Structure formats: structure tokens, C-alpha cells
Amino acid sequence: MHAEILVVGGGVMGTSIAMHTAQRTDRLGKPVVLFERGELGCGSSGRSGAILRQYHGNSVVARMARDSLRDYSTFEARTGRAIGFRRTGVLIFSGPSSPESCQRLRENVEMLKGLGIETDLVEKKELAELVPGIEVKPGTIGAWEPEGGFVDPIRTVNAFAALARTAGAVTRLGVEVQEILVEGGKVVGANTSEGRYSAKKICIVAGPWSARLLKPLGIELPVRTIGSESHFVVMRDSDLLDEEPEDESYVLREALSFDDIQDPVERVAGSSARASLGLHPVLIDLEQGFYLRCEPRQRRTRLGKTDYDCDKVLSDADQLEEQVSQEFIDWSRRALIKLMPTYANEADAGSQTTWQTMTPDFQGLIGPVGEIEGLYVMTGFSGHGFKLAPVIGAGVAQMLMDERITTFEAESFSPSRFSGGEDWSGRFVF
Ligand SMILES: Cc1cc2nc3c(=O)[nH]c(=O)nc-3n(C[C@H](O)[C@H](O)[C@H](O)COP(=O)(O)OP(=O)(O)OC[C@H]3O[C@@H](n4cnc5c(N)ncnc54)[C@H](O)[C@@H]3O)c2cc1C
């Protein structure tokens, strides 16, 4: 089969790229073809926190998060497809035992305001008003981002793929790309588990498996894959939640009015309104090094680390140890109850380990790779790819069409920005 562009991987990045690219290609001629060897979202994306936080110490990334949030927050109204967007707000805070982190937080709030991102510096009293039941030390300060929130990761990936198909893309699920075909320094196609496809351009968006596809071409990616643990507890007040339809593909019946569906939480004043929906803001506790966010559809609250166990490197992505350590479960429950004692009586609701792809500077690799014409890679999003997927998809579509990239600064993400011998011992800094 002849294709215009091949996209390898059906996570949030692959589906976003396919959606944006298909809208720009000739649907009746050679299509965009996306391959996913399992199900859509079966890699990191389906198990992601999918938190949409604009707060970031790096202004390039903060701008991308801002623009992506605008895209996510209007997505349901624009397309009629549900992605489970919830504007709960995001609260990032640090305490007196960490003065450096508090200082950075102050500076970041100023920088974010300069980018037009609504962020307020809040103190203990306001923190307690925003999150009834929170326990923080005197001297704690926070950055309150009322516009942030989260999406449902699986619904989002499915919605992106559905829109890609509507625009003419072909999604081949259960089909594995086995080999990238190159002739005379140019991409000519790929061998897959259902035969050969020819194309002049191919995007490797295969998460932790990207390196495996590029290695036979002599390309080494500066990416490491680690196992990332999350624990879940039953969501506080989950019995008060509104019912949501279970069908993944349901189309919002009322997707006609932006105001109606954009934010049922914001329309009712005061924090008690939030509680009545069972939701509280996403909380990022820099002092304890952990975060939590409600997952209303599953009626559970997710707990994870803000830092990464960069030493827990997987030699092979297929060797992920799915068992979550008791040490992590105990630590995360302790941190939760210290911060939110009102969770003390909530039961455990499972746990998971999943893949996290990291680069030495904690930013993704996006762009041409290996000096082979038509070969592109997008991976290594270091724990914050979901929030950026809309602008990355749009920018990669421009890149593939040889247009000027307007949605992000391509040089900051160039796969060739590392010279080798990088120091991998750095920590992620908020
Ligand atoms: C626990 C956790 C929490 C996170 N929380 C957040 C968050 O709150 N906010 C945020 O912004 N980001 C978050 N992230 C990061 C975010 O989820 C990732 O950056 C993002 O999901 C990466 O998407 P992807 O499409 O690049 O990769 P993946 O989702 O891993 O997709 C790659 C796909 O490629 C497929 N594939 C592999 N090889 C082949 C092949 N040869 N042929 C065909 N298909 C193939 C795989 O099956 C897989 O589905 C989190 C990540 C983790 C692990």
C-alpha cells in the first residue's frame, strides 16, 4: 500500500500527529497511516495522569502547556467528542523546609503571569480555602492555577484517533511495524506484520520502543526508560459524583454550547461546589515530593511521585516489572494522609507501574533523526507529554509539510541537541 506518511504508535502523540497531519493531506490520494501494535493508548498514554498543568520553570514549555490547555478545554465543544476534561485547578506548593523551592515558585509565578497564564501566589489560609481538609505548615506558599485540570487519557487518545479517521487517516490496530526501509539515504517505507507499506516520511512515535526501531539504522537515541509507580485510593466523596456514560466513543449530545460543557465546576461559586462533585484540585506537594489527582470516571484518586527514579532504568521496555513495591504504596498513603487527613478512611483502589521515557534534560525529542531523509522521531517526553500533545501534533504536522513551525520552538527539542556522554544524574526541577 502507498501512504503519504506513516505514524508508528497509537499513544497520545501518535494520534495527535495523525489527527493534525491528516487534516492537511489528500484523503483520497495517499493517506496518513497510523500503526498501533496493540490497542490505542496501551503504552504510557493510557496509564497517564493526563494532568494539564501550565506551571513550569521553563517558559518554552509553559507556553506550550498554555496553548495546549486552550485546545483541550475547547475540544469537546469544537468536536463533539468527550475527552473527560475537568477544570479543577492545579495547586503547586512548597513549605518552609524548602526555601529554595519556595523562591523558585515565586519567580515562576511572575514568569507565568508574563505569559498570560492565570496563576496566583497563595498562602496557607487561601490554600485551606481552595482545598477543604488540606493540612500544610505555616509558611507554605502555593501557585494556584485555576484554569488547569486534567483529561481522561483513554478517551482523549480515542477521540484524537477518531478525528484522524474522519480527516481521512487510516488506523491499523494490532499491526506492528517491524522494519524501517531506507534506500539511498531516504525513507521508502516500512515492513509491518501485515506487509509492506511505501511512504516517503515516517514518524517514530513508539514511546519506549522507538529506540528499538531506530537501532538497526545505526541511530542511538538519548532516551532511557524507567518504570514509574502510581497508587490509587478510593476518591473522597465519590458517591456524590455525577454519573458519566461508560461508552468510550460517546459523542456529547450537548456539544453545541461552549459554556454549557466547558466547565460545570466553575459555574457554581465557591469550593463547596467542587466538593459536591467529589473533585478537588490537582495537588502537587513539592515538599513531600508527590502529587494527587481525582479520577472521577474510576472513582479513585491517583498518587504519584513528582521526581523520577532515574536509577530504575529498564534495559528492555518489555521487561517492565508490573508489580508495585509495598514501599511505594506505604510511602504514598502516608504522604496523602499527612496532607489530606480526610482520606484516612478511604480504601486502596489498586496500583500500577508503567513506562516513562526520559532524556538528560527532561524534554522530548521531536524532529528529523539520523540524517535520513523522511525519518522523524517524537519520544522522551519525560513525564509531561500529555499536556503538550495538541501543540506538538500541530507543530509536527507543519514540520512534515515543510512549513514553518509556529506552535513550539523546534530547536529546543531537536533530537540532535545532545553531544553524547550526558550526565543522567540530574533531578527534574519544577
Ligand atoms: C504514570 C505516568 C503519569 C503521567 N502523568 C502525566 C501527566 O499528568 N501529565 C502529562 O502531561 N504527562 C504525563 N505523563 C507523560 C505522558 O503520559 C507521556 O509523555 C505520553 O503518554 C507519551 O505518549 P506517546 O504517544 O509518546 O507514547 P506511548 O503512549 O507509550 O505510545 C507509544 C505506542 O507505540 C506503540 N508501539 C510501539 N512499538 C510499535 C511498533 N513497532 N509498531 C506499532 N506500534 C508500536 C505502543 O504499543 C504504544 O501504544 C505521565 C506518564 C506516566 C508514565
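No value in this document is a laboratory result; all are computed from the given coordinates. Remember, predicted model here, so these are calculated numbers, not experimental data. Please note: Cβ atoms are built from the backbone with ideal geometry, for glycine as well, and neighbour counts cover all protein chains shown.
Can you give me the Rg/Rh ratio for segment 46-139, using Cα atoms for both radii and the Kirkwood formula for Rh? All intermediate terms of the calculation are to be shown ahead of the outcome.
On the way: Rg = 15.2 Å, Rh = 15.1 Å.
My calculation of the ratio gives 1.01.
Sort 140-146, 92-98 by packing, meaning the average of other beta carbons within 10 Å per residue, with the highest value first. Display every interim value, and only then the final one.
Working: 140-146: 23.6, 92-98: 19.6.
Output ranking for 140-146, 92-98: 140-146, 92-98.
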Quote the FRET efficiency, to the nearest 0.05, computed for residue 371 versus residue 191 with a Förster distance R0 of 22 Å and r equal to the Cβ-Cβ distance. 0.50
For segment 1-61, list log₁₀ I(q)/I(0) at each q in 0.22, 0.30 Å⁻¹, using the Debye formula over Cα point scatterers of equal strength and ignoring solvent, two decimals each. -0.89, -1.16
Length-normalised contact order of the chain in % [C-alpha pairs under 8 Å, at least 6 apart]: 24
Helix 153-166: inclination vs the chain longest Cα principal axis, degrees, rounded to 10, gives 40
Residues whose modelled amide H sits under 5 Å from the amide H of residue 176, counting only those 5 or more places away in sequence or on another chain, are 193, 194
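Give me the orientation-averaged projected area of the Cα convex hull of segment 302-430, in nm², one decimal.
10.6
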Quick check on packing: order 314-323, 1-10, 164-173 by the mean number of other C-beta atoms within 10 Å, highest mean leading. 1-10, 164-173, 314-323
Note on segment 356-430: alpha-carbon gyration tensor, axes a ≥ b ≥ c; rule is a/c under 1.5 for rounded, else prolate if a/b larger than b/c, else oblate; result oblate
Rounded to whole Hz and in sequence order, give me ³J(HN,Hα) for segment 361-366 from the Karplus expression 6.51 cos²θ - 1.76 cosθ + 1.60, θ = phi - 60°, writing x for Gly and Pro. 9, 6, 10, x, 9, 9
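Would you list 70, 24 from fewest to most Cβ contacts within 10 Å? Walk me through the numbers on the way to the answer.
Numbers: 70 13, 24 16.
The most exposed by this proxy come first: 70, 24.
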Take each of the peptides 376-386, 191-201, average the number of other beta-carbon atoms within 10 Å over its residues, and list them starting from the highest. 376-386, 191-201
Of 305/387; 312/387; 215/387, which sit over 27 Å apart, Cα to Cα? 215/387
If you find the alpha carbon centre of segment 171-224 and of segment 316-395, how far apart are they in angstrom? 23
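For the chain, build the convex hull from the C-alpha positions and give me its volume per residue in Å³.
On the way: hull volume 60.0 nm³, N = 430.
That works out to 139 Å³ per residue.
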Calculate I(q)/I(0) for segment 95-224 by the Debye formula, one identical point scatterer on each C-alpha and no solvent, and give its log10 at q = 0.10, 0.14 Å⁻¹ to two decimals. -0.66, -0.83
